[in-house]
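**Q** To start, I am sharing the structure in question, which I have written as C-alpha cells.
The values are calculated or read from the model by the stated rules, or taken from the named source; none is laboratory data. These numbers were taken from a predicted model, which means no experiment stands behind them. Here Cβ is always computed from backbone atoms with ideal geometry, including for glycine, and neighbour counts include all displayed protein chains.
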Amino acid sequence: MLLALPLVLTPYTQDLVVKIAIFAIFALSLELLVGMTGLVSLGHAAFLGIGAYVAVLGTGDGGAASLVWLLPAAVAAAAGYALFVGALSLRTKGIYFIMVTLAFAQMAYFVFHDTSLGGGSDGIFLYSKPVLEIGGRTLIDLDDKRHYYYAVAAALILTYALLAVLARSRFGHALTGIRVNEQRMRAAGFATYPYKLAAFVLAGALAGLAGFLLAVKDGAVNPELLSWHESGAVLLMIILGGIGSLRGAVLGAAAFTLLREFFQSPALLGSVADHWQLTLGLTIIAFVAWLPKGLIGLMQRLKPGGAGRGGGHG
C-alpha cells in the first residue's frame with residue numbers, strides 16, 4: 001500500500017505521507033532505546049539534527065553530492081556522536097541518564113546555534129539534492145519527488161525490518177532482559193554495558209538517517225532540529241502509539257503528525273490554530289489518560305478475544 005500510494009495521492013498528501021514516514025523512522029530509532037532496552041533519552045534529537053546538518057554541509061555549493069558517500073557520512077556522524085554520548089551517559093541510570101542525554105543534546109544544539117558552522121539560528125539551505133549515478137547514468141535523483149518518495153519508503157521498510165529481526169535475535173532478547181532486570185542479566189553472565197552501548201549507537205544511526213531524509217525534504221536545516229522540543233516530540237510519538245511495539249511507534253508517529261497538522265490548520269480551526277500547542281497538548285493528555293497502552297493497545301482490545309493482550313514487538 002505504501003509503495004502504491006503515489007498513484008493516487010495529491011502533492012500535498014504525498015508530502016504529508018513522506019513526513020509521517022520520516023518521523024516513523026525517528027520514532028522507531030527511539031523505540032529501540034525506550035521500548036526494547038528501557039533507556040529513556042531526552043536528547044535523541046541531537047542525532048536527528050547531526051544527520052541533517054551533515055547532509056547539507058556535505059553538499060555545499062558545488063552541485064549535487066553523491067548518495068554513495070553522503071548518506072553513509074550522515075549516518076556515521078550521528079552514530080559517532082551517539083558512541084561518544086552513550087559511552088559517558090550509560091554510566092548513569094534513571095533520571096541522571098535522562099538529564100545527561102539532555103545536556104549532551106543541548107551542547108550539540110549550541111554548537112550549531114552559536115557558531116558559523118551551522119549558519120547560526122537561521123540555519124543553512126540545501127541548494128542541490130543528492131543523486132546516485134553509475135556509469136554516468138542517474139539511478140536516483142532525490143530532487144525528483146517520485147524518487148524521493150520511494151527512497152523514504154524503502155528506508156522506513158528497511159528500518160522496521162531491521163528492528164523486527166533484531167528484536168527476535170539473541171541480541172534483542174538480551175536487550176529485553178536488560179530492560180526487565182539488568183541485575184539478573186549481570187548475574188547470568190551478561191556484560192550489559194556493551195549491549196546498551198550498541199543499542200544506543202544503532203538508535204543514533206537510525207535517527208541520523210531520519211535527519212538526512214528530513215534535510216533533503218525541507219531543503220534547509222536549523223538548530224531547532226536538535227532542541228529538546230524535538231526530543232520530547234518523538235518521545236510523545238512512541239507513548240501515543242504504545243511503548244514496547246514497533247507498530248505502535250509507526251502509529252504514534254502518524255497520529256502525532258496528523259494531529260499537529262490538524263491543529264495547525266487555520267482553514268479547519270480558524271483562530272484556534274494560533275494556539276495549536278495548547279490543543280495538541282490537551283489532546284495527547286486525553287489520549288494517554290484513556291489509552292495507557294497507546295493506540296496499539298486500543299487496536300488489540302478491538303480484536304476478537306484481544307482483551308488483556310500485551311503489546312510486544314512486531
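**Q** Residue by residue through the stretch 44-100, note down the ones that are on the phi > 0 side of the Ramachandran plot and part of a helix (DSSP H, G or I).
**A** Residue satisfying the conditions is Gly94 alone.
**Q** When the stretch 90-134 is examined, which residues are found to be surrounded by 13 or more Cβ atoms within 10 Å (Cβ to Cβ) and either of a type in the set (Ser, Thr, Tyr) or in contact with a Cys (Cβ under 8 Å, 6 or more places away or on another chain) (or both)?
**A** Correct list: Thr92, Thr101, Tyr109, Tyr127, Ser128.
**Q** Right, another one. Which members of the stretch 56-94 meet the condition of being over 20 Å from Val152 (Cα atoms), out of contact with any helix residue (DSSP H, G or I) (no Cβ under 8 Å at 6 or more places or on another chain) and of a type in the set (Gly, Ala, Ser)?
**A** Correct list: Gly60, Gly62, Gly63, Gly80, Gly94.
**Q** Now for a different question. Looking at the stretch 235-272, which of its residues are in a helix (DSSP H, G or I), free of Cβ contacts under 8 Å to residues at least 60 places away in the same chain and surrounded by 15 or more Cβ atoms within 10 Å (Cβ to Cβ)?
**A** Leu236, Ile239, Leu240, Leu251, Ala255, Leu259, Arg260, Phe262, Phe263, Leu269
**Q** Would you mind stating whether Val54 is β-branched (Val, Ile, Thr), under 19 Å from Ile25 (Cβ atoms) and buried (at least 16 other Cβ atoms within 10 Å of the Cβ)?
**A** yes
**Q** Take Val100 and decide whether it is more than 17 Å from Thr37 (Cβ to Cβ) and β-branched (Val, Ile, Thr).
**A** Against the criterion (more than 17 Å from Thr37 (Cβ to Cβ) and β-branched (Val, Ile, Thr)), Val100 does not qualify.
**Q** Considering only residues that are outside any helix (DSSP H, G or I), on the phi < 0 side of the Ramachandran plot and without any contact (Cβ under 8 Å) to a residue 40 or more places away in the chain, look in the stretch 180-231 and name the one that is surrounded by the most Cβ atoms within 10 Å (Cβ to Cβ).
**A** Here the answer is Phe190.
**Q** All but one of (1) closer than 19 Å to Thr257 by Cα; (2) under 14 Å from the mean Cα position of the chain (by Cα) hold for Leu5; state the number of the condition that does not hold.
**A** Result: Leu5 passes all but (2).
**Q** Would you mind stating whether Tyr149 is assigned to a helix (DSSP H, G or I) and of a type in the set (Ser, Thr, Tyr)?
**A** Judged against the criteria, Tyr149 is a match.
**Q** Right, next: Which one of these is farther than 24 Å from Val34 by Cα, among the aliphatic types (A, V, I, L, M), exposed (fewer than 13 other Cβ atoms within 10 Å of the Cβ) and at pLDDT 85 or above: Leu302, Leu282, Leu278?
**A** Answer to the selection: Leu278.
**Q** Here is a list of conditions, (1) at pLDDT 90 or above; (2) crowded, with 19+ Cβ neighbours inside 10 Å; (3) farther than 13 Å from Glu31 by Cβ, and Lys293 meets all of them except one; can you say which number that is?
**A** Exception for Lys293: condition (1).
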